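Visitor: One structure, pasted below without further comment.
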């Protein structure tokens, strides 16, 4: 299927690209791109929510692509993660990790998140620009998920580079190579943990595999890779998007500075307005499905455009305006249904702590370049800035 997030124009500001198809038809057939598959694009909010929760839309990519020659050579541990499974496999895999991302478990991590944020902000220069993406938005969630999983500190920079290549819309060979590097690294890390067990989440998954065989070796590697990549990629993009949105809306930024206790409640609107997810991961119909009057035959890929759905005026009045006073409950930034992001509580905690500390420590925070000079990552699924140069001094 052609992916609008890889279009150079929509890379700059992809949400308006969803307005035209949504206005004419919120569910429509789209042609195949080069080497891709045709399918259906969902841009309306209600239609997107319905699609994400419909069990007739399968995520079992192995079943869909069986016998189809794609020319890709993604490592199976990346191509067929928990995200690409249906119940009962999905239910079993998800149950193994859910306990590590409950609100209570995340609360225990908040002191570490706070210390990490302080340490990163301590390195910011008092004068001259600093890239908020490179110096906060990316390293914070990388450090936190690596700490949670038990990834040694010397390995974290390389893991981040592989993850960036995996999500960047570059030559397929680059993406495929990154998938193999991540899988090979996770295989080696698991072997090290077997020889020197610890108390991190990955150690507990190894115990589940070796204790009562609830995980196959392939599932163990795949789950480790998924948690490592998904545990920071979306959050990193969200932090950059959220800060940019606030800098472009100074009145609302001032309000949050005066009332930092409102930051947790503001996250839903920030997720809606600056969604870090452009499109949901791959789905296909296992039988004919009708979405708001549009009949989708069995066996068709379905692309759910989260970013476009978040700008649907039928769901949110003036959707192109950031309004922290509005209720954005029901946004799809963390997905919907059984595949809703298991790490949502962790992502919210990281964003809450980072924004509180950033706004408190740098009252003069502002863009270092005109907003129109900022560029967006050309990615397949997520939306984020390549860099966000900011100034912190009042001069």
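The values are calculated or read from the model by the stated rules, or taken from the named source; none is laboratory data. Predicted, not measured: the structure shown is a model, and the values here were computed from it. Note that we place each Cβ from the backbone using ideal geometry, even for glycine, and neighbour counts take in every protein chain shown.
Visitor: Could you tell me which of the residues 198, 150 is in contact (Cβ under 8 Å) with a residue 24 or more places away in the chain and out of contact with any helix residue (DSSP H, G or I) (no Cβ under 8 Å at 6 or more places or on another chain)?
Guide: The conditions single out 198.
Yes/no per residue for (1) under 23 Å from residue 334 (Cβ atoms); (2) touching a strand residue (DSSP E or B) at 6+ places or on another chain (Cβ under 9 Å); (3) at pLDDT 95 or above:
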position	(1), (2), (3)
3	yes, yes, no
7	no, no, no
14	yes, yes, no
18	yes, yes, no
21	no, yes, no
27	yes, yes, no
38	no, yes, no
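Visitor: In segment 283-294, how many residues are in a strand (DSSP E or B) and closer than 17 Å to residue 63 by Cβ?
Guide: Counting residues in segment 283-294 that are in a strand (DSSP E or B) and closer than 17 Å to residue 63 by Cβ gives 4.
Visitor: One residue is enough: does segment 73-80 have a residue meeting the conditions in a strand (DSSP E or B) and modelled with pLDDT of 75 or more?
Guide: no
Visitor: If I ask for residues that are touching a residue at least 40 places away in the same chain (Cβ under 8 Å) and part of a helix (DSSP H, G or I), which ones from segment 108-134 would you list?
Guide: Passing the criteria: 109, 110, 113, 114, 117, 118, 121, 132, 133, 134.
Visitor: When segment 85-97 is examined, which residues are found to be part of a helix (DSSP H, G or I), touching a residue at least 60 places away in the same chain (Cβ under 8 Å) and over 22 Å from residue 142 (Cβ atoms)?
Guide: Within segment 85-97, 90, 91, 92, 93, 94, 96 qualify.
Visitor: Sticking with this one: Look through 271, 253, 267, 226 and report the one residue that is over 20 Å from the mean Cα position of the chain (by Cα), buried (at least 17 other Cβ atoms within 10 Å of the Cβ) and part of a helix (DSSP H, G or I).
Guide: Just one listed residue meets the conditions, 253.
Visitor: Any idea how many residues of segment 295-309 are more than 17 Å from residue 58 (Cβ to Cβ) and in contact with a helix residue (DSSP H, G or I) (Cβ under 8 Å, 6 or more places away or on another chain)?
Guide: Selection size over segment 295-309: 5.
Visitor: Return only the number of the condition from (1) touching a helix residue (DSSP H, G or I) at 6+ places or on another chain (Cβ under 6 Å); (2) assigned to a helix (DSSP H, G or I); (3) within 25 Å of residue 96 (Cα to Cα) that residue 215 does not satisfy.
Guide: The single condition residue 215 does not satisfy is (2).
Visitor: Only one residue in 280, 314, 329, 298 is over 21 Å from the mean Cα position of the chain (by Cα), assigned to a loop (DSSP other than H, G, I, E, B) and modelled with pLDDT under 95, so which one is that?
Guide: 314
Visitor: Another question about this same structure. Which condition number does residue 323 fail, the rest of (1) part of a strand (DSSP E or B); (2) over 17 Å from residue 280 (Cα atoms) being met?
Guide: (1)
Visitor: Could we say that residue 205 is part of a helix (DSSP H, G or I) and within 29 Å of residue 278 (Cα to Cα) here?
Guide: Spelling it out, it is not the case that residue 205 is part of a helix (DSSP H, G or I) and within 29 Å of residue 278 (Cα to Cα).
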